[in-house]
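Some notes on the structure that comes next.
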Amino acid sequence: MNPVSFNIVLVAPEIPQNTGAIGRLCVNTGAKLHLVKPLGFSLDETHLRRAGMDYWQHLTLAVYENWQEFLSQNQPEQLYFCSTKSKQSVYQLRFKIGDYLVFGNEGKGLPSAFYTDYEQYLYSIPMTGAHARSLNLANAVAIVLYEAMRQACFAK
């Protein structure tokens, strides 16, 4: 198994197809997927497996009962939180291998406490469309993860 490049953290994801696609993305990039409960689906769900295709069996996956359990088991050195509510762009960041990229769920985003607890670590993907509100979760993860990899893995 290849060493983990980055860590993708989904807090209370709701849609199995998005999580499946993100799992596939993680396998293809060497990232570890962390799921923080509650989940809006079962890990055995057909839609999750279908979106992840045959990649799911190769996924490095960890599931946590809550945010505190995630923190205690990982003690992450660097957390970056992605949110539409931030004015700071992800393109301002200088990523390094091992960083934790945290995303909220499809309906509500990150838990409200995160906006005060981690305010200085909140970043967004710039959107220029007149009616832009948010991106699909799987697309957002792909954009941020590949920017992180571009900086830390491909730029050398």
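Structure values in brief
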read-out: Backbone HN-Hα couplings from phi across region 26-38 [Karplus 6.51/-1.76/1.60, Hz, Gly and Pro as x]; value: 4, 4, 6, 10, x, 8, 9, 9, 10, 10, 9, 5, x
read-out: Value at 222 nm in deg cm²/dmol, rounded to 500, when DSSP H runs of n ≥ 4 in the chain each add -39,500 (n - 2.57); value: -8500 deg cm²/dmol
read-out: Cα centroid separation, region 1-63 to region 89-129 (Å); value: 18 Å
read-out: Amide proton proximity set for Val102, modelled H, under 5 Å, gap of 5+; value: Val9, Tyr80, Phe81, Cys82
read-out: From phi via Karplus (6.51, -1.76, 1.60), per-residue ³J(HN,Hα) for region 123-131 in Hz, x at Gly/Pro; value: 9, 10, 8, x, 10, 10, x, 4, 10
read-out: Candidates Leu135, Leu35, Leu61: whichever shows maximal mean-square fluctuation once the chain is modelled as a Gaussian network with Cα springs under 10 Å; value: Leu135
read-out: Rounded, prolate or oblate (a/c below 1.5 giving rounded, otherwise prolate when a/b exceeds b/c) for region 68-155 by Cα gyration tensor; value: oblate
read-out: Amide H contacts under 5 Å for Val63, placed H, 5+ residues apart; value: Leu35
read-out: Relative contact order, percent, the chain [alpha-carbon distance under 8 Å, six or more residues apart]; value: 27 percent
read-out: Residues whose placed amide H lies under 5 Å from that of Ser124, excluding near-sequence neighbours; value: Ser83, Gln88, Ser89, Val90
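Since every read-out is calculated from the coordinates, none of them should be taken as a lab result. Since we're looking at a predicted model, the values are computed, not measured.
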